[in-house]
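Worksheet: the structure to be examined is printed underneath.
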Amino acid sequence: MLNRRLVEDFFSRKIEFRGVERELKIEETEKITSIVGPRRAGKTWFLFYLISGVENGMYVNFEDIAFRKLEAEEFFEVLKIFSEMKQKPEKIFFDEVQALEGWEILVRSLYDRGYRLCITGSSSKLLAREIATQLRGRTLTYILLPFSFREFLRAKKVEPDVRIFEERGALLRHLREFLWYGGFPEVVLSRGRERILSQYFDEIFYKDFVERHRIKSLEFGRFLFEFAFQNFSKEVSLRKIKNFFGRNVSDRTLYEYSEKIQDTMAVFFLERYSKSIYRRKSWPRKIYICDLGVSSILGSGEDTGKRMENAVFLELLRKTNENPRLRFYYWRDLRGREVDFVVMEGARIKQLLQVTYASARDEVEGRELKALFKAGRELNCSNLLVLTWDYEGEEDGIKFVPLWKWLCYPGIISPHALTSFINKEGKNKYQAGGEDW
């Protein structure tokens, strides 16, 4: 039910962007812009940044008390109040739109009446069912994740000259911090990180999983959440999850909960590569998580290699904003040989990518290279890349690139492609040759 006093109070507040400018680039379009991502990834601040470029933008947060009990059809009264207080909005920005029952019908109705719209939500369903059924062809969707390593360095005002060994060492120290505490903006910019991360885990679990999906088995739901955050970068099967739980849980509940946990955008299940769509969609799959900091508070092990691999997964996911045709899987043969990522553009395999915690050539395990060669022959791909901790080189057609360089300078595909670190102002810059991958 609409409370006019609360609505007027909400619109009387001044909106100011105060934060780190994000790398996500939004295309100017007449279509609806949809921005999805896990809770606390910075979507609200990103909306504030977008609003700062609009003369008369109308911002509505559906998790604010002014709109929590709003019916979709009552929004036109809200629109009337805003126009009375200011003027007709140039563009409408909806934050956490999934909190409004029937939001998709409202968004379509406003769009059909000529309003320009930008919406955010902490739910992958904005990418799937609702958009597919109600907003088909009317929206462009982007993913906003917690800070990338580049944004992490910018937030900390770090601009190392990596030609200097001491500063390169400092960069590796920052990378280790990033892999351990993650990139949630508030965590990066605040103290008391463990307390904040613990709060985030509970908030995502209860608001985006339990409440949104009306989860009945809290015990199994909690187990599934913690299992995912403690087993990231690992291949798992539903049977394995069921055996780990050790209590009676139906196969139907297991399948339903595994799908719903992905809807939070806090957990992702990566499919195994196969030409058969049936095999791709079946289990086992590999688990990845939206931020590594949460796993640390749950007592996850200090496997730096697994943390590196999860960071690479998130970076590949970010790249889908720039290239919607990008897809990626993992590869595994019957003998258990595995390649971490098969990167595809459309139907073409562009690169095979392996991640290893190695600072020297002799630390790279032979089995990882054998798997890479085997997959390269089987998939007819010669673009083979190994991301290391701090080893760089090229051997037998395989390129070895440090993770920090791949994360900081994403255009690099060759160990010698970086031609310039410093621009005229003395800031870090890159000029990369070759393809993007």
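The values are calculated or read from the model by the stated rules, or taken from the named source; none is laboratory data. Fair warning: this is a prediction, and the values are worked out from it, not measured in the lab. Glycine also receives a Cβ, built like all others from the backbone with ideal geometry; neighbour counts cover every protein chain displayed.
Results for (1) within 27 Å of T320 (Cβ to Cβ); (2) out of contact with any helix residue (DSSP H, G or I) (no Cβ under 9 Å at 6 or more places or on another chain); (3) modelled with pLDDT of 95 or more, shown as yes or no for each residue.
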{"residue": "K43", "(1), (2), (3)": "yes, yes, no"}
{"residue": "E55", "(1), (2), (3)": "no, yes, no"}
{"residue": "F75", "(1), (2), (3)": "no, no, yes"}
{"residue": "Q87", "(1), (2), (3)": "no, yes, no"}
{"residue": "D95", "(1), (2), (3)": "yes, no, no"}
{"residue": "K125", "(1), (2), (3)": "yes, no, no"}
{"residue": "I131", "(1), (2), (3)": "yes, no, no"}
{"residue": "L135", "(1), (2), (3)": "yes, no, no"}
{"residue": "R138", "(1), (2), (3)": "yes, no, no"}
So, in the range 188-218, how many residues would count as being charged (D, E, K, R), more than 19 Å from the chain's Cα centre (by Cα) and either under 16 Å from I297 (Cα atoms) or modelled with pLDDT of 95 or more (or both)?
4
Between a first residue in the range 339-351 that is of a type in the set (K, R) and a second residue that is surrounded by 16 or more Cβ atoms within 10 Å (Cβ to Cβ), which pairs have beta carbons less than 8 Å apart while being 6 or more apart in sequence or on different chains?
K350/V343; K350/M344; K350/C381; K350/N383; K350/W437
E63: under 25 Å from F17 (Cβ atoms), surrounded by 13 or more Cβ atoms within 10 Å (Cβ to Cβ) and at pLDDT below 95, yes or no?
yes
Cβ-Cβ below 7 Å, separation at least six or inter-chain, first residue in the range 72-92 and more than 14 Å from E8 (Cα to Cα), second outside any helix (DSSP H, G or I) and of a type in the set (A, V, I, L, M, F, W, C): which pairs?
A72/L100; E74/L2; P89/M58; E90/V54; K91/V54; K91/C118; I92/M58; I92/L117
Which ones in the range 263-280 are in a strand (DSSP E or B) and in contact (Cβ under 8 Å) with a residue 60 or more places away in the chain?
L270, R272
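Residue by residue, here is whether (1) modelled with pLDDT of 50 or more; (2) surrounded by 12 or more Cβ atoms within 10 Å (Cβ to Cβ); (3) assigned to a loop (DSSP other than H, G, I, E, B) holds:
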| residue | (1), (2), (3) |
| --- | --- |
| Y357 | yes, yes, yes |
| A371 | yes, yes, no |
| C381 | yes, yes, yes |
| I413 | no, yes, yes |
| H416 | no, no, yes |
Examine the range 225-232 for a residue that is among the polar types (S, T, N, Q) and closer than 30 Å to A375 by Cα, and state whether such a residue exists.
yes
Out of (1) closer than 29 Å to R191 by Cα; (2) free of Cβ contacts under 8 Å to residues at least 24 places away in the same chain, what's the single condition that is false for F244?
(1)
Hey, can you tell me all the residues within the range 177-220 that are over 18 Å from K156 (Cα atoms), hydrophobic (A, V, I, L, M, F, W, C) and surrounded by fewer than 16 Cβ atoms within 10 Å (Cβ to Cβ)?
L218
Restricting to the range 27-59, what's the tally of residues that are surrounded by fewer than 15 Cβ atoms within 10 Å (Cβ to Cβ) and either of a type in the set (G, A, S) or touching a residue at least 40 places away in the same chain (Cβ under 8 Å) (or both)?
5
Only one of (1) at positive phi; (2) in contact with a strand residue (DSSP E or B) (Cβ under 8 Å, 6 or more places away or on another chain) is not met by L317, so which one is it?
(1)
For the range 218-262, which positions are assigned to a loop (DSSP other than H, G, I, E, B), out of contact with any Leu (no Cβ under 8 Å at 6 or more places or on another chain) and of a type outside the set (D, E, K, R)?
N231, S233, S237, G246, N248, V249, S250
Single residue of the range 219-236 satisfying the filter (in contact (Cβ under 8 Å) with a residue 60 or more places away in the chain and touching a strand residue (DSSP E or B) at 6+ places or on another chain (Cβ under 8 Å)) that is nearest to G299 (Cα to Cα)
F229
Do any residues in the range 354-379 that are over 18 Å from F328 (Cα atoms) have Cβ atoms under 9 Å from those of residues that are polar (S, T, N, Q) and in a loop (DSSP other than H, G, I, E, B), where the two are at least six apart or on different chains, and which pairs are they?
E363/T356; V364/T356; E365/T356; E368/T356
A careful count of residues in the range 286-312 that are in contact with a strand residue (DSSP E or B) (Cβ under 7 Å, 6 or more places away or on another chain) and closer than 12 Å to N231 by Cα gives 6
Kindly indicate which of L171, L175 is modelled with pLDDT under 95, in contact with a Phe, Trp or Tyr (Cβ under 7 Å, 6 or more places away or on another chain) and on the phi < 0 side of the Ramachandran plot.
L171
